[in-house]
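Here is the structure we will look at, set down as structure tokens.
The values are calculated or read from the model by the stated rules, or taken from the named source; none is laboratory data. This structure is a prediction, so every number in the text was calculated from the model and none was measured. We place every Cβ from the backbone using ideal geometry, glycine too, and count neighbours over all the protein chains shown. Keep in mind that these areas ignore ligands, DNA and RNA; they rest on the heavy atoms of the full protein, side chains included. Shrake-Rupley method; radii C 1.70, N 1.55, O 1.52, S 1.80 Å.
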Amino acid sequence: MSSNVLIVESCDWRYKETMSNRNVPRPISYAQKRTSAAGRGGGRPTQERWSSSREQQPEWRARKEEESRKRADPESPGSPRGTCQSMCPNQELQERESQNRLHRFETLAGTEKRAGERCRRPRADPKRTVKEYSRPAAGKDSTRPSDLRPPAVLLRTVCYLIDDIATMPGQTSWNEVYDFAFDRLRSVRQDMIIQRTAGPESRAVLERTVRLLAYASFRLCGEPLRLYDPRINDTHLQESLSWLLRCYDSEPGPHGNREEFQALSLLYNLGSSRVLQHTLELPERLRSSPAIALALSINRAFSERNPVRLLRLAQRLSFLQSCALHRHMAAVRRDLLLLYSHGLSSRNCRFPLPRLAKLLALDVAHAGQLCRAHQLEVHQDDQVVFSKTCFSEPEPGGLRCTAQHDMVDGKRGDLARLGGIIHEGSVNKEIA
């Protein structure tokens, strides 16, 4: 009996000891004390007190003010300024020459690698070598003044790419010309972004870039995707054009070429409500200029699905404006044939092919080819039979884009004139 009492008492003692230990408060850390003090009003939270103490440091305040001043003034002395006076920095020229990464447009005459030669390494021509585009990488300093070209050198580089590369005579493939010029123009824009350039020379660079890319979108349309990617060209053209229009809005004028590029933007982005709104918000003096008024009329015809009026107005466009509009022409001509196929659908109805070719702004042969691609019957006496039941979309690859270049090709001229067209209307007067 006594042993049982001792066992019960010992168990009861252990239970009370365990319960008493649970009631002992746990130790409070230093961070919890600071948080509880802030919650009772005894002080501010740790993040606020740390931010306040940091703001009281004069070095931190001076650095933040300098960053704000740089953002407000792109031409501030704090922005990197290039000192390279050649089209390619000397360090990159030597590196690419040693690594055999020179393009054949950049090699010194007489040092090119010939057929059957493996060990021969071409030498770089300093007058023809152009800085290539390189992606930003971790640990790579892209703001060294010796690697950046000032705006005057960038403009000279773009003029070289247009005069000596893009309009190069001979048997050189224009796909190769475009690949080289596109990469070097991308490098030019990279230098402009790093230096935050502004002014007449920067606008001249952007204007020539937009003109060249707009011409490339026409010249290379229909090429295989492995040779030309229209989406990449469109992305860089849109970025350059938007940058140029922002320069017109923010920098003091007058800008002699603003009407041209406002119209070019509207024609290239036909049907875009955003571009149309930006155009309608321009001052009355700009909106009433002949180039913008014609572009607005073409955009209205496109919105109203009036292909006949659109093609008639397109005959009055300049060569570069026709290049910008060209990417919409296939859809416009398709709408015209669809409209006539429903409105003139009859077995006994004949429509003269020469008259239809004039409406389509094509020659007779290409107009007949377009009708046959849409399964419309074309008789030997050049008569077209429209039928809404026979009309269908052409098969993929069944219609070449170059077959619809008649309206634009007639305005181009030779390559020498092309160089003048790309340079035409630039801001040389403003620079002088």
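What shape does segment 240-329 have by the C-alpha gyration tensor, where a ≥ b ≥ c are the square roots of the eigenvalues, rounded means a/c under 1.5, and otherwise prolate means a/b greater than b/c and oblate the rest? Taking the square roots of the gyration eigenvalues as a ≥ b ≥ c, segment 240-329 is prolate. Positive-end ranking of Gly253, Ala214, Leu241 along the dipole of segment 208-266, with charges on Cβ about the Cα centre, is headed by Ala214.
Each of the peptides 345-357, 177-189, 200-212 was scored by the mean count of other Cβ atoms within 10 Å over its residues; in descending order, highest first, they stand as 200-212, 177-189, 345-357.
How do the peptides 383-395, 153-165 rank, highest first, by the average count of neighbouring beta carbon atoms within 10 Å per residue? Don't skip to the answer; put the middle values down first.
Numbers: 383-395: 15.0, 153-165: 20.3.
The most tightly packed comes first, giving 153-165, 383-395.
Please state the charge dipole magnitude for segment 138-217, taken about the Cα centre, from unit charges on C-beta atoms (+1 on K and R, -1 on D and E), reported in debye and rounded to the nearest 20.
Details: 11 positive and 10 negative charges, 62 e Å.
Once rounded to the nearest 20, the dipole reads 300 debye.
Taking all protein chains as present, what is the carbon and sulfur share of the accessible area of segment 278-344, in % to the nearest whole number, probe 1.4 Å?
Working: 1700 of 3150 Å².
Percent of accessible area from carbon and sulfur atoms in segment 278-344: 54.
For segment 327-388, the gyration tensor built on C-alpha atoms gives an oblate shape. Its axis ratio a/c (a ≥ b ≥ c) is at least 1.5, and a/b is not larger than b/c. In plain terms, the chain from Glu377 to Ser79 could stretch by 100.7 nm, reckoned as 0.36 nm per residue minus the Cα-Cα distance.
Relative to one another, the C-alpha centroids of segment 134-168 and segment 341-408 are positioned 47 Å apart.
Placing a label point 7 Å from the Cα of Glu281 along the Cα-to-Cβ direction, the residues of segment 234-265 whose backbone N falls under 13 Å of that point are 246, 249-250. In whole angstrom, how far apart do the alpha carbon centroids of segment 326-340 and segment 191-238 sit? One Cα centre to the other: 26 Å.
Give the shape of segment 185-309 as rounded, prolate or oblate, defined through the alpha-carbon gyration tensor: a ≥ b ≥ c are the square roots of its eigenvalues, a/c under 1.5 means rounded, and otherwise the shape is prolate if a/b is larger than b/c and oblate if not. Oblate, since a/c reaches 1.5 and b/c is not below a/b. Most tightly packed first, judged by the mean number of other beta-carbon atoms within 10 Å of their residues, the peptides 329-341, 266-278 read 329-341, 266-278.
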